[in-house]
């Protein structure tokens with residue numbers, strides 16, 4: 001498959017540099033850059049979902065469907081089509097495609113919650129650790145069988161007492177007296193695919209302190225699977241405990257190095273987060289389309305529900321969220337692909353550099369997970385509202401969508417944990433000289449001193465106003481970061497309320513930066529970007545309003561009296577309200593989506 005993700009992109013900026021660089025400094029990958037092979041695969045995946053999954057959704061989540069393991073049959077059909085072989089190197093009978101292609105599949109296969117989580121646990125987090133950290137024998141034995149669907153995989157990190165704090169795991173592993181096995185004891189919790197698993201990636205502490213990955217097979221002596229959990233949603237997927245009671249795992253099934261399991265766990269989560277982001281957006285698109293079909297057909301007071309202004313405002317917000325989320329997710333995959341393409345696959349440190357390329361965009365991956373999962377919940381809440389009472393019963397899909405979606409803000413690291421990771425990683429990279437936040441802050445302070453902050457364009461056409469508001473948003477974000485680090489110093493990691501607010505500013509900056517860059521590239525390619533430009537303008541101006549209020553509140557909580565005054569003055573200048581008539585733009589966005597009966601701003 002062609003390396004379309006690097007066709008027009010030769011460099012990938014440092015992770016987090018979107019805060020310090022002007023929008024459009026580097027070309028980003030967008031869905032408009034997908035090649036013909038990728039689009040053909042996307043179409044095949046879409047047909048698979050519409051034919052093999054959507055008609056069976058209620059059956060898959062029923063007790064009868066679970067008992068008959070209907071989901072496994074569907075999963076194997078997807079593997080028969082080669083979907084799980086996308087990231088497997090050709091050396092191991094895979095396709096060896098890039099991260100963009102893998103993300104594209106997550107996008108198309110994400111339109112059904114039950115299947116999406118089952119698929120992700122099998123072909124994503126259940127396969128990636130073996131592909132990246134397994135030795136040649138492990139890849140030949142396990143990766144090929146997982147990719148073909150011969151065996152079902154899972155990923156076991158969480159425990160009853162350690163969810164977000166994964167490294168506090170209590171499952172232990174000790175070497176047997178004959179040196180041939182590691183004996184595992186402990187329990188893993190919330191394990192997707194547990195009932196159906198044939199093999200799983202499991203984490204335990206060797207000798208009680210060396211966090212290590214293992215490949216565990218069904219039938220291992222001392223290993224059992226617990227009872228099925230009764231869940232709010234995702235009832236078609238399997239979720240159980242994995243229980244180890246003197247379970248004998250062969251030493252050749254150690255994954256990677258003893259004591260280096262954190263590298264496996266964290267890099268796998270980084271990969272999973274931006275894939276989860278695009279996957280949940282797929283469900284948001286489907287739900288928006290179905291809800292608009294209902295709102296188009298149903299009338300109240302002689303008017304179509306879809307024609308009420310207050311409903312159209314919700315349509316606008318949904319469209320904006322999806323466009324921004326789609327833009328940022330594909331940007332991440334494209335940047336990773338550029339870095340991976342530059343590596344020598346036969347080099348002895350290839351795996352280490354491969355992981356570094358993925359870790360480089362840990363900030364962006366966390367932003368994708370938080371932003372997209374929360375966009376989905378807002379889209380679903382609005383879609384259910386448009387259905388009225390019918391949205392609360394099983395006659396329509398929206399009831400199931402809402403149940404299935406809630407967990408997205410919990411797994412792959414809770415949104416709260418990811419919000420803590422974002423500013424923490426930013427500050428860490430500044431200390432490592434990997435990111436020049438101080439340089440950008442110095443420039444911002446100089447502009448404040450000279451008054452060189454620019455003048456907002458009077459027109460709302462194009463992206464000029466959006467770019468102006470975005471730059472102010474970035475400066476406000478840097479100001480809050482400077483103020484927080486000045487006030488709290490090394491104790492900042494204990495100020496979680498402040499970190500969460502800073503994180504929201506960073507996430508908004510990245511999402512809007514991605515959308516503007518994408519829109520400018522689309523326009524440069526000859527596209528009519530009136531609607532997407534309107535999206536960028538509304539998103540940027542409204543985000544700046546939110547950021548202004550957030551910055552003032554953070555500063556007031558950190559400082560008082562004479563100490564507060566200079567900070568508040570700077571925030572007031574940077575966050576000054578940008579006058580703009582946004583309602584006509586909002587109506588334009590809503591009309592496009594309502595007329596299209598769904599999100600149709602991208603065709604792939």
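Please treat every number below as a calculation from the coordinates, not as lab data. Predicted, not measured: the structure shown is a model, and the values here were computed from it. No Cβ is skipped: glycine too gets one built from the backbone with ideal geometry, and neighbour counts run over all protein chains shown.
Measuring r between the beta carbons of residue 356 and residue 90 and using R0 = 22 Å, the FRET efficiency lands at 0.40. If a spin label sat at a point 7 angstrom from the Cα of residue 35 along the line to its beta carbon, the backbone N atoms of segment 88-129 nearer than 17 Å would be those of 88-90, 95-105. Rounded to the nearest 10 degrees, the angle from helix 70-80 to the longest Cα principal axis of the chain is 80 degrees. Between residue 307 and residue 232, the FRET efficiency estimated from the beta carbon spacing at R0 = 35 angstrom works out to 0.55. Taking 0.36 nm per residue of sequence separation and removing the Cα-Cα distance, the residue 528/residue 600 pair yields an extension gain of 24.5 nm. Seen against the Cα atoms of the chain and their longest principal axis, helix 350-359 is set at about 40 degrees. Entry note, the chain: the mean residue ellipticity at 222 nm calculated from DSSP H runs of n ≥ 4, each adding -39500 (n - 2.57), is -17500 deg cm²/dmol after division by the residues and rounding to the nearest 500. The modelled label-to-label distance for the pair residue 14/residue 185, using points 7 Å beyond Cα in the direction of Cβ, is 4.7 nm. Based on C-alpha pairs under 8 angstrom that are at least 6 apart in sequence, the chain has a relative contact order of 16 percent.
Of interest is the spacing of the C-alpha centroids, which for segment 426-466 and segment 23-79 amounts to 40 Å.
Rounded to 0.05, the FRET efficiency of the residue 51 and residue 560 pair, given R0 = 51 Å and the Cβ-Cβ distance, is 0.20.
Peptides 233-240, 54-61 ranked from most to least packed by the mean count of surrounding Cβ atoms within 10 Å: 233-240, 54-61.
When peptides 404-417, 506-519 are sorted by average Cβ neighbour count within 10 Å, with the highest value leading, the order is 506-519, 404-417. Length available on full extension from residue 343 to residue 553: 0.36 nm per residue minus the Cα-Cα distance, which gives 71.1 nm.
Multiplying the sequence separation of residue 25 and residue 568 by 0.36 nm and subtracting their Cα-Cα distance, what value in nm do you get? Show your work: numbers first, answer last.
On the way: separation 543, 0.36 × 543 = 195.48 nm, distance 3.02 nm.
Full-extension gain reported as 192.5 nm.
Computed from Cα atoms, the angle from the helix 583-596 axis to the main principal axis of the chain rounds to 40 degrees.
Classify segment 234-361 from the C-alpha gyration tensor, please: rounded if a/c falls under 1.5, else prolate or oblate depending on whether a/b exceeds b/c.
Oblate, since a/c reaches 1.5 and b/c is not below a/b.
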